[in-house]
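The values are calculated or read from the model by the stated rules, or taken from the named source; none is laboratory data. Note that the structure is a prediction, hence the values are computed from the model and not measured. Please note: Cβ atoms are built from the backbone with ideal geometry, for glycine as well, and neighbour counts cover all protein chains shown.
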């Protein structure tokens, strides 16, 4: 007489095809997640959360220009300039679509060129270190233009 292992039985209210347990020690049906966040995930972090997680000493001062899609030939030129920024992202779909271009102090000329194009259209915002700051458009951004070589 051979001993065969007992087959696990399902409760009476469940069909026989469903197992009682998952025998593997992994989170199924999810794929394995990377241990390090991607650059896109880091860029999407709230600035306060980023400082809390990674510290703020190594994050350089930056301006971010955020603008929606607009009609006209200037849009492609604005996209080309924005893609040359230190960080470039397109977020949202349809009416919520926005282009985000982050610039550091060493790229003030390109930031000014993009601002001249994008600021002519409604919905252009200027963020200082990813935060809306009073007078960012009217005061803080033009002050950076003093960094331009003469």
Taking the residues in segment 100-113 that are surrounded by 16 or more Cβ atoms within 10 Å (Cβ to Cβ) and not in a helix (DSSP H, G or I) as candidates, determine which candidate is nearest to the chain's Cα centre (by Cα). 100
Hey, any hits in segment 137-149 for a residue that's assigned to a helix (DSSP H, G or I), under 14 Å from residue 69 (Cα atoms) and modelled with pLDDT of 85 or more? no
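In the list 90, 24, which residue meets the criterion of being out of contact with any helix residue (DSSP H, G or I) (no Cβ under 6 Å at 6 or more places or on another chain) and at pLDDT 60 or above?
Exactly one of 90, 24 is out of contact with any helix residue (DSSP H, G or I) (no Cβ under 6 Å at 6 or more places or on another chain) and at pLDDT 60 or above, namely 90.
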How many of the residues in segment 114-146 are closer than 17 Å to residue 84 by Cβ, exposed (fewer than 15 other Cβ atoms within 10 Å of the Cβ) and in contact (Cβ under 8 Å) with a residue 24 or more places away in the chain? 0
Looking only at residues that are more than 19 Å from the chain's Cα centre (by Cα), surrounded by fewer than 11 Cβ atoms within 10 Å (Cβ to Cβ) and not in a helix (DSSP H, G or I) in segment 54-79, which one is modelled with the lowest pLDDT? 57
Can you find, within segment 80-90, the residue that is farthest from residue 146 (Cα to Cα) among those that are in contact (Cβ under 8 Å) with a residue 12 or more places away in the chain and in a strand (DSSP E or B)? 89
Between 82, 96, which is surrounded by 12 or more Cβ atoms within 10 Å (Cβ to Cβ), modelled with pLDDT of 65 or more and at negative phi? 82
